[in-house]
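Encoded as structure tokens, the structure appears first; notes follow it.
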Amino acid sequence: MRWENLSDGPRRGAADPALFGADAVTTRTFDTPEFRGITFHEIRARSIVNRVPGASRMPFEWTVNPYRGCTHACVYCFARKTHSYLDLDTGLGFDSQIVVKVNAPELLRRRLASPSWHGEHIAMGTNVDCYQRAEGRYALMPGIIEALRDRANPFSILTKGTLILRDLDLLRQAAAVTDVGISVSVGFVDEQLWRTVEPGTPAPGRRLEVVRTLSGHGIGCGVLMAPVIPFLGDHPDQLRATVRAIAEAGATSVTPLVLHLRPGAREWFMAWLAEHHPHLVRRYERLYAEGAYAPKWYQRRITRHVHDLAREFGIGPSRAGAARRIPEPRETTPAPAATQLTLL
Ligand code: SF4
């Protein structure tokens, strides 16, 4: 196991400020049902604010990630690759070997007070989920939010974790002094799909309760509708049910994102697909033949469809607070995979 690099990218060399020695690691397990089979590696990191490489497709420059690995265990998780930088397994190891940067709050407070820091936006939940189950035990986020609040530093959080509601008061305090953006990730509301593809996460309905609660307390919350999973979660009826539920929860926006399969995630996802949906393997190989992303035509098709539904249900930043137009549910019957939203 390699502990020299706890920044969020591949190893960058001996001058990396995130370097620290193996003596900084304490390994723990907890014999409670919630954490059975999980190993925590507690470390004292040397830095906590990461700069996103310029080539990134991400719309943010600075990130804070107090954890590495994620017990939410989504089979498609793009962050799996980052476990290989530590010589840890990107499959089950990613789900069960969790690195905890126990000094994250104090490091962040120090960084925000530094003369070289100019109050830039900080994004969290961009690599792994900062409200995964480990946060219930380590409680790093309250100290992180307090540090940001005290400096009126703008920030955003993306999560699937209902635990974020524990920090509701702190989020409200922060939102009173700076820009706070919260997004919850819900790619689909199909419970059967959820159980197999996101086995460690709260159910989609519980995540939408988070959206509802935050909105009810004056904190606008968007939904990242991600991932839309080709042939399994992209049927028009599934998209409609999902956007409808998002609208009913009071989301300020919905942003669809089609599944992407980068190295690390791709192998794990395809192994899962071969076990659970072997008839789809060839179709996936064709859809993702060019690399990590589905073809542009497919992405555009999903995006247009979801945006049309969002308009129908009255979701959108410009309509925040406006009355939702939620028609009575329609009778739908599950369609066979062959009729799903695809031209392949
Ligand atoms: S919740 Fe996010 S970080 Fe965690 S496994 Fe799922 S996709 Fe990955």
If we keep only residues of region 92-113 that are more than 15 Å from Ile43 (Cα to Cα) and within 16 Å of the ligand (Cβ to nearest atom), then the residue surrounded by the most Cβ atoms within 10 Å (Cβ to Cβ) is Phe94
Region 259-316: helices (runs of 4 or more DSSP H) wholly inside it with 3 or more residues that are over 27 Å from Arg244 (Cβ atoms) and of a type in the set (A, V, I, L, M, F, W, C) are 265-276
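Yes or no, residue by residue, for (1) buried (at least 20 other Cβ atoms within 10 Å of the Cβ); (2) within 19 Å of the chain's Cα centre (by Cα); (3) under 24 Å from Arg266 (Cβ atoms):
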residue	(1), (2), (3)
Pro142	no, yes, no
Val186	yes, yes, yes
Ala203	no, yes, no
Arg207	yes, yes, no
Val210	yes, yes, no
Met225	yes, yes, yes
Pro230	yes, yes, yes
Considering only strands (runs of 3 or more DSSP E) wholly within region 57-137, the ones with at least 3 residues that are among the β-branched types (Val, Ile, Thr) are 97-101
Going through region 128-139 in order, the residues found to be surrounded by 22 or more Cβ atoms within 10 Å (Cβ to Cβ) and either away from the ligand (no atom under 16 Å from the Cβ) or touching a residue at least 60 places away in the same chain (Cβ under 8 Å) (or both) are Val128, Asp129, Cys130, Gln132, Ala134, Glu135
Inset, instruction - Please tell me if Glu248 is touching a residue at least 12 places away in the same chain (Cβ under 8 Å), among the acidic types (Asp, Glu) and within 26 Å of Gly181 (Cβ to Cβ). - result: yes
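Each reported figure results from applying straightforward, stated rules to the coordinates on display, with no laboratory input. The model shown is predicted, which means the values in this text are computed figures rather than measured ones. Neighbour counts run over all protein chains shown; Cβ positions are idealised from the backbone, glycine included.
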